[in-house]
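Trainee: Sharing a structure, written as structure tokens. Questions coming.
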Amino acid sequence: MQWFKKLIFLRRNRAPIRSWFGALLRPLHREKCVSDRRYAGILMDPSQPVFLEETDLAPADVLFCVGGEDNPIHGLISYGSSGDYVHAAVYIGAGRVVEAIQEGVVESSLAEVIARYAYVAVGRCPGVNANGVPGLAAKVVEFCQRHAMAKTPYNGKGALKSPALELRELQYQRKHYRGSTHAPRNKPKDALFCSELVIEAFIYGGYIPEGQMDSAGYSPSALAEDAIFNLEGFMGRPEMAEYILKHDYFLTGGLSYQ
């Protein structure tokens, strides 16, 4: 898809906004910067990037997947959600992953998921630690497997709406006071998109309190920015190390100039 690389206006711009026209083109990016969800290198970890093996993963680890720059679908997701992570999934152990894709919630191989993307950032919830939430990892895995067995449908409309819901929430917080939120709509989830599945799994596990997060308003990038998961390392091709060091959210804070 070389033609997509020519559509500069549909590719995510990671640079800070310096004009009203830039703010008009990238309203979600602007709100993220204003609300301090985006930083310029403040989160840099000099020990990274570390490339992980399957044996380094633990059940309930979350995979944040970065799309290829020549993939138009990944590019549109990245542009629309103002972030490089275009997919999120949950590792359930034994080389298996549960994810919400167009076919619905399914169980896939870890190798298959990694092969689809430029690279994968692996996040781990501190609640799975020995002094964290009892049984959290087991409950997260149980939730994901149950939805995979039920073949829960993919929430395509929800995925399209999530960046708009995130923008509305950030604007609401800025106009009122930092940390205030709309009351989330606690409707039964009869369909799930990728990051919605992850959030609902950790609500079920007891780490995220009921009513604290509206899972419908979180894209994969928004979920990574919410500081629920700590970076463990990366999976994919080692030659991506330089790109990761320059551009990955966990290492740059979401702003870069290259």
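Read-outs throughout are calculated quantities, based only on the coordinates presented, and are distinct from any laboratory measurement. Keep in mind that what you see is a predicted model, and the values were worked out from it rather than measured. Note that we place each Cβ from the backbone using ideal geometry, even for glycine, and neighbour counts take in every protein chain shown.
Trainee: Roughly how many Å is it from the Cα centre of the stretch 185-245 to that of the stretch 73-87, as a whole number?
Mentor: Rounded to whole Å, the Cα centres lie 14 Å apart.
Trainee: Say each of residue 210 and residue 145 gets a label point 7 Å from the Cα, pointing the same way as Cα to Cβ; how far apart are those two points in nm?
Mentor: Distance between label points: 2.5 nm.
Trainee: Per-residue HN-Hα couplings for the stretch 57-71, Karplus 6.51 cos²θ - 1.76 cosθ + 1.60 at θ = phi - 60°, whole Hz, x for Gly and Pro?
Mentor: 7, 10, x, 5, 5, 10, 9, 9, 9, 9, x, x, 6, 9, 9
Trainee: Ranked highest first by the average count of other Cβ atoms within 10 Å around their residues, in what order do 222-232, 56-66, 193-203 fall?
Mentor: Final packing ranking: 193-203, 56-66, 222-232.
Trainee: Among the aspartates and glutamates, which fall within straight-line cross-link reach of residue 175, defined as a Cα-Cα distance under 14 Å, with same-chain neighbours fewer than 8 residues apart omitted?
Mentor: Straight-line reach from residue 175, under 14 Å: 31.
Trainee: What ranking, highest mean first, results for peptides 103-112, 120-129, 82-91 when packing means the other Cβ atoms within 10 Å averaged over each residue?
Mentor: So the peptides 103-112, 120-129, 82-91, ranked by packing, come out 82-91, 120-129, 103-112.
Trainee: Arrange the peptides 213-221, 137-145, 161-169 so that the one whose residues have, on average, the most other Cβ atoms within 10 Å appears first.
Mentor: 213-221, 137-145, 161-169
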